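Following: one structure in structure tokens, then a few remarks.
Values quoted throughout were computed directly from the atomic coordinates according to the rules given, and no laboratory measurement underlies them. No experiment lies behind these values; they were computed from the predicted model shown. Every residue, glycine among them, receives a Cβ derived from its backbone with ideal geometry; neighbour counts consider all protein chains shown.
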């Protein structure tokens, strides 16, 4: 999607979207590896939620500058909301994800 952005956004907006969205996955992997320690697990999930929120802010900017149409934005917004729900569920139910209390 970011390949359609103007060239002057290549290393700013598009890069930020890629970094923050990838960071959600990376932090989730770290959370899983730290599942032996509930506080570490929850901290990494908090990082995931922060990066997911940041991704939405960058998508808001992309929509505001008409780099995304309403349909594209809606699709990404809905995916972001679903990820938020899943992360909150994990945060509220760590024992279901192998976290030892």
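Using a Förster distance of 35 angstrom, determine the FRET efficiency expected from the C-beta separation of residue 92 and residue 72, and round it to 0.05. The partial results should precede the final answer.
Values: r = 31 Å, r/R0 = 0.88.
In this case the efficiency is close to 0.70.
For the Cα atoms of the chain, what angle does the longest principal axis make with the long axis of helix 38-64, in degrees from 0 to 90, nearest 10? Its long axis makes an angle of about 10 degrees. A Förster distance of 30 Å, applied to the separation of the beta-carbon atoms of residue 57 and residue 32, puts the FRET efficiency at 0.70. Ordering 17, 83 by the number of other Cβ atoms within 10 Å of each residue's own Cβ, fewest first, gives 83, 17. Mean-square fluctuations from a GNM of the chain, with a 10 angstrom spring cutoff on Cα atoms, peak among 31, 62, 70 at 70. For segment 9-93, the Kirkwood radius over C-alpha pairs fed into Stokes-Einstein at 4 °C and 1.567 mPa s yields D = 97 µm² per second.
Please arrange 40, 65 by counting, for each residue, the other beta carbons lying within 10 Å of its beta carbon, fewest first.
65, 40
The angle between the Cα long axis of helix 13-33 and the longest principal axis of the Cα atoms of the chain comes to about 10 degrees, rounded to the nearest 10.
Rank-order 3-14, 45-56 by packing density, defined as the average count of other C-beta atoms within 10 Å over each peptide's residues, highest first. It would help to have the intermediate numbers written out before the result.
Details: 3-14: 12.5, 45-56: 18.8.
The packing order, highest mean first, is 45-56, 3-14.
On a 0 to 90° scale, report how tilted helix 70-92 is relative to the longest principal axis of the chain, with both axes built from alpha carbons and the result rounded to the nearest 10. Between the helix axis and the principal axis of the chain, the angle is about 10 degrees.
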